[in-house]
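Participant: Handing you a structure now.
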Amino acid sequence: MNVSELKERLLNLVDVFEEKESLLTELDRAIGDGDHGVNMLRGFKALPEKLDDSSISALLKSTGMTLMSNIGGASGPLYGFSFVKMSQVVGDEIEKENLKTLLNTFSEAVAQRGKVELNEKTMYDVIERTNEAVNNGETLSFEDLQSFAESTKDIVATKGRAAYFKEASKGHVDPGAQSSVYILNALIGAD
Ligand code: ADP
Ligand code: MG
């Protein structure tokens, strides 16, 4: 993936988050405060004006800075920080080997910032499972990513707002797990 392909994929996320706003809102209404759809859309809507397409690294960094200052909530700093971190390890193209490093950096950034582990019912579950699979040489489809998000359904949340719902958080897909499906899909070029 070169600069213009990544730019196209990032800008396409504006449409994706328009389309998925109500789904993410619904999910966050069940086990949070109902703002995740609005938050993600606000963050990505700010992208077209702010993207620096002088290199892949600049693209990722400008995306991170924009998401950090526009998404808000718990997810804004997590996604924002992750994109800035990824900008520091990316090469001129995103290819097979570099993608592994990129996903590893994404996962470590969220773990570090969110102080989160697997099976706490967050975006981290999807990001780390994707990281593991890609680093094991697997090629993931959109459906594979979606299945990682679905697997958060049976977990009792122990991080973020959803943790206040305790046992009642069971039976719902985590909103951040769902939004990370779209972001990872753009990065790994699943479709
Ligand atoms: P808020 O919870 O502040 O309203 P959002 O609704 O935008 O923020 O984002 C909620 C999502 O953020 C959750 O669904 C979860 O995936 C993610 N999240 C919250 N806290 C953490 C954390 N400590 N580590 C990783 N992800 C987290
Ligand atoms: Mg929320």
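The values are calculated or read from the model by the stated rules, or taken from the named source; none is laboratory data. The shown structure was predicted, so the numbers you read here are calculated from the model rather than taken from an experiment. FYI the Cβ positions are ideal-geometry reconstructions off the backbone, even for glycines, and counts take in every protein chain you see. Areas reflect the complete protein model, heavy atoms only, side chains present, ligands, DNA and RNA absent. Shrake-Rupley method; radii C 1.70, N 1.55, O 1.52, S 1.80 Å.
Participant: Taking only DSSP H segments of four or more residues, each worth -39500 (n - 2.57), what value at 222 nm results for the chain once the sum is divided by all its residues, to the nearest 500 deg cm²/dmol? Present the calculation step by step, with values, prior to reporting the outcome.
Facilitator: On the way: 9 runs with 126 residues, N = 191.
So the calculated ellipticity at 222 nm is -21500 deg cm²/dmol.
Participant: In addition: Kindly express, to the nearest 10 degrees and within the range 0 to 90, the angle between helix 96-114's C-alpha long axis and the longest C-alpha principal axis of the chain.
Facilitator: 40
Participant: Around Glu138, under 10 Å between beta carbons, what's the net of Lys plus Arg minus Asp minus Glu among the other residues? Each step should come with its number before you reach the end.
Facilitator: Details: positive: none; negative: Glu132, Asp144.
Net charge in that neighbourhood comes out at -2.
Participant: I would also like to ask the following. Equivalent-ellipsoid semi-axes (√(5λ), Cα gyration tensor) for region 1-186, whole Å, largest first? Mind showing how you got there, number by number?
Facilitator: Details: eigenvalues 127, 68, 39 Å².
Over the Cα atoms of region 1-186, the semi-axes work out to 25, 18, 14 Å.
Participant: Carbon and sulfur together cover what percent of the accessible area of region 1-137 at a 1.4 Å probe radius?
Facilitator: Working: 2740 of 6160 Å².
The computed percentage sits at 44.
Participant: In square nanometres, what is one fourth of the surface area of the convex hull spanned by the alpha carbons of region 85-191? Display every interim value, and only then the final one.
Facilitator: On the way: hull surface 25.3 nm².
The orientation-averaged projected area of the Cα hull of region 85-191 comes to 6.3 nm².
Participant: Then there is this: Pairs of Cα atoms under 8 Å, at least six residues apart: use those to get the relative contact order of the chain, whole percent.
Facilitator: Details: 329 pairs, mean separation 40.2, N = 191.
This gives 21 percent for the chain.
Participant: What whole-number value in Å² describes the accessible area per residue of region 1-186 for a 1.4 Å probe?
Facilitator: Values: 8470 Å² over 186 residues.
Per-residue accessible area for region 1-186 comes out at 46 Å².
Participant: Further question: Against the longest principal axis of the chain, how steep is helix 36-45, in degrees 0 to 90 to the nearest 10, with axes from Cα atoms?
Facilitator: 10
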